[in-house]
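Student: Please see the structure below; I have some questions.
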Amino acid sequence: MEKVLQDQCDETCEGTVNVVTLKQNLIPETTAVGLADVFKALGDPTRVKIIYTLLQTELCVHDLTVVLDMGQSAISHQLRYLRNLRIVKRRKVGKTVFYSLDDEHIEQIFVQMLQHIKHG
(Lines give C-alpha, C1' and ligand atoms only; values in the text may rest on other atoms or scores of the structure.)
Protein backbone atom coordinates (compact mmCIF):
# COMPACT_ATOMS: atom_id res chain seq x y z
CA MET A 1 0.00 0.00 0.00
CA GLU A 2 1.34 3.43 -1.01
CA LYS A 3 1.82 5.95 1.76
CA VAL A 4 -0.03 9.22 1.14
CA LEU A 5 1.87 12.36 2.15
CA GLN A 6 -0.17 14.91 4.03
CA ASP A 7 0.17 18.65 3.46
CA GLN A 8 -0.07 19.33 7.14
CA CYS A 9 2.12 19.13 10.22
CA ASP A 10 2.04 16.36 12.73
CA GLU A 11 -0.03 17.22 15.80
CA THR A 12 3.16 17.55 17.86
CA CYS A 13 4.86 19.97 15.44
CA GLU A 14 5.94 23.22 17.06
CA GLY A 15 7.28 24.79 13.86
CA THR A 16 10.81 25.00 12.56
CA VAL A 17 11.43 28.75 12.21
CA ASN A 18 10.49 32.00 13.85
CA VAL A 19 7.14 32.60 12.16
CA VAL A 20 6.65 35.87 14.04
CA THR A 21 9.61 37.41 12.21
CA LEU A 22 8.41 36.01 8.90
CA LYS A 23 4.94 37.42 9.54
CA GLN A 24 6.37 40.85 10.38
CA ASN A 25 8.38 40.82 7.15
CA LEU A 26 5.53 39.55 4.96
CA ILE A 27 5.19 41.23 1.58
CA PRO A 28 2.68 44.12 1.77
CA GLU A 29 -0.75 43.37 0.27
CA THR A 30 -0.49 46.08 -2.41
CA THR A 31 2.90 44.75 -3.52
CA ALA A 32 1.59 41.17 -3.59
CA VAL A 33 -1.38 42.27 -5.72
CA GLY A 34 0.87 44.18 -8.12
CA LEU A 35 3.21 41.22 -8.50
CA ALA A 36 0.30 38.84 -9.04
CA ASP A 37 -1.05 41.18 -11.72
CA VAL A 38 2.26 41.05 -13.60
CA PHE A 39 2.29 37.26 -13.48
CA LYS A 40 -1.36 37.22 -14.54
CA ALA A 41 -0.37 39.30 -17.57
CA LEU A 42 2.26 36.70 -18.39
CA GLY A 43 -0.44 34.03 -18.18
CA ASP A 44 -1.87 34.92 -21.59
CA PRO A 45 -0.13 33.46 -24.70
CA THR A 46 -0.90 36.52 -26.84
CA ARG A 47 0.66 38.87 -24.30
CA VAL A 48 3.65 36.54 -23.99
CA LYS A 49 4.13 36.72 -27.77
CA ILE A 50 3.89 40.51 -27.69
CA ILE A 51 6.45 40.74 -24.90
CA TYR A 52 8.77 38.28 -26.66
CA THR A 53 8.55 40.28 -29.88
CA LEU A 54 9.15 43.60 -28.08
CA LEU A 55 12.10 42.01 -26.30
CA GLN A 56 13.80 41.96 -29.69
CA THR A 57 12.89 45.45 -30.95
CA GLU A 58 10.58 48.41 -30.61
CA LEU A 59 7.57 48.11 -32.93
CA CYS A 60 4.48 50.01 -34.00
CA VAL A 61 1.01 48.48 -33.65
CA HIS A 62 0.87 47.68 -37.37
CA ASP A 63 4.12 45.70 -37.20
CA LEU A 64 2.81 43.74 -34.21
CA THR A 65 -0.40 42.89 -36.09
CA VAL A 66 1.69 41.49 -38.97
CA VAL A 67 4.06 39.52 -36.71
CA LEU A 68 1.27 38.03 -34.58
CA ASP A 69 -1.24 37.75 -37.46
CA MET A 70 -3.95 39.45 -35.42
CA GLY A 71 -6.26 42.40 -35.83
CA GLN A 72 -5.24 45.87 -34.77
CA SER A 73 -8.02 46.20 -32.18
CA ALA A 74 -6.97 42.93 -30.48
CA ILE A 75 -3.32 44.00 -30.39
CA SER A 76 -4.25 47.48 -29.13
CA HIS A 77 -6.37 45.95 -26.37
CA GLN A 78 -3.47 43.77 -25.19
CA LEU A 79 -1.01 46.66 -25.40
CA ARG A 80 -3.32 48.83 -23.29
CA TYR A 81 -3.48 46.04 -20.69
CA LEU A 82 0.32 45.70 -20.67
CA ARG A 83 0.82 49.46 -20.57
CA ASN A 84 -1.49 49.82 -17.56
CA LEU A 85 0.72 47.34 -15.70
CA ARG A 86 3.87 49.22 -16.82
CA ILE A 87 5.11 46.18 -18.74
CA VAL A 88 5.30 48.11 -22.01
CA LYS A 89 5.66 51.78 -22.78
CA ARG A 90 4.85 53.80 -25.86
CA ARG A 91 6.56 56.51 -27.83
CA LYS A 92 4.70 58.61 -30.34
CA VAL A 93 6.32 59.90 -33.54
CA GLY A 94 3.79 61.90 -35.54
CA LYS A 95 0.76 59.66 -35.80
CA THR A 96 2.73 56.44 -35.28
CA VAL A 97 2.95 54.89 -31.82
CA PHE A 98 5.93 52.65 -31.07
CA TYR A 99 5.92 50.14 -28.23
CA SER A 100 8.81 48.69 -26.25
CA LEU A 101 9.31 46.98 -22.92
CA ASP A 102 8.99 49.41 -20.05
CA ASP A 103 12.32 48.63 -18.39
CA GLU A 104 15.04 46.05 -17.92
CA HIS A 105 13.22 44.43 -14.99
CA ILE A 106 10.48 43.16 -17.28
CA GLU A 107 13.12 41.90 -19.69
CA GLN A 108 14.99 40.09 -16.91
CA ILE A 109 11.83 38.44 -15.53
CA PHE A 110 10.78 37.32 -18.99
CA VAL A 111 14.20 36.00 -20.01
CA GLN A 112 14.62 34.16 -16.69
CA MET A 113 11.24 32.46 -17.02
CA LEU A 114 11.94 31.60 -20.67
CA GLN A 115 15.23 29.98 -19.65
CA HIS A 116 13.41 28.11 -16.87
CA ILE A 117 10.88 26.70 -19.36
CA LYS A 118 13.56 25.75 -21.89
CA HIS A 119 15.68 24.14 -19.16
CA GLY A 120 12.83 21.89 -18.28
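Student: Which whole-Hz ³J(HN,Hα) couplings does the stretch 53-61 yield from phi under the Karplus relation 6.51 cos²θ - 1.76 cosθ + 1.60, θ = phi - 60°, glycine and proline marked x?
Tutor: 5, 6, 5, 8, 6, 6, 9, 7, 4
Student: Measure off, as a whole percent, the carbon and sulfur share of the 1.4 Å-probe accessible area of the chain, all protein chains present.
Tutor: On the way: 5130 of 9570 Å².
Of all accessible area on the chain, carbon and sulfur atoms account for 54 percent.
Student: Turning to a different aspect of this structure: How far is helix 104-119 tilted, in degrees, relative to the longest principal axis of the Cα atoms in the chain, given as a value from 0 to 90 rounded to the nearest 10?
Tutor: 70 degrees
Student: Roughly what angle does helix 72-84 make with the longest principal axis of the chain, taking Cα atoms, 0 to 90 degrees, to the nearest 10?
Tutor: With both axes taken from Cα atoms, the answer is about 50 degrees.
Student: Per residue, how much accessible area does the stretch 1-64 have with a 1.4 Å probe, in Å²? It would help to have the intermediate numbers written out before the result.
Tutor: Numbers: 5410 Å² over 64 residues.
Ligands and nucleic acids excluded, the result is 84 Å² per residue.
Student: Return, in residue-number order, each cysteine of the chain whose C-beta is not under 4.7 Å from any other cysteine's C-beta.
Tutor: Unpaired cysteines in the chain: C60.
Student: Additional query: Scan (i) 16.4; (ii) 16.8; (iii) 17.4 for the value of Kirkwood radius over Cα pairs in Å calculated from this model and give just the label.
Tutor: Here the calculated entry is (iii).
Student: In whole Hz, what ³J(HN,Hα) sequence does the stretch 24-37 give by Karplus (6.51, -1.76, 1.60; θ = phi - 60°), x for Gly and Pro?
Tutor: In residue order, the calculated couplings are 5, 9, 4, 4, x, 4, 5, 5, 4, 5, x, 5, 4, 5 Hz.
Student: In whole angstrom, note down how far apart the Cα centers of the stretch 92-120 and the stretch 32-58 are.
Tutor: 7 Å
Student: Near the amide H of V97, under 5 Å away, which other amide H atoms are found, from residues 5 or more places off or on another chain, if H is placed in the peptide plane?
Tutor: Under 5 Å from the amide H of V97 lie the amide H atoms of V61, each far enough along the sequence or on another chain.
The values are calculated or read from the model by the stated rules, or taken from the named source; none is laboratory data. Because the structure is predicted, anything quoted here is derived from the model rather than measured. Here Cβ is always computed from backbone atoms with ideal geometry, including for glycine, and neighbour counts include all displayed protein chains. Ligands, DNA and RNA are excluded from the accessible area calculation, which covers all protein heavy atoms including side chains. Shrake-Rupley method; radii C 1.70, N 1.55, O 1.52, S 1.80 Å.
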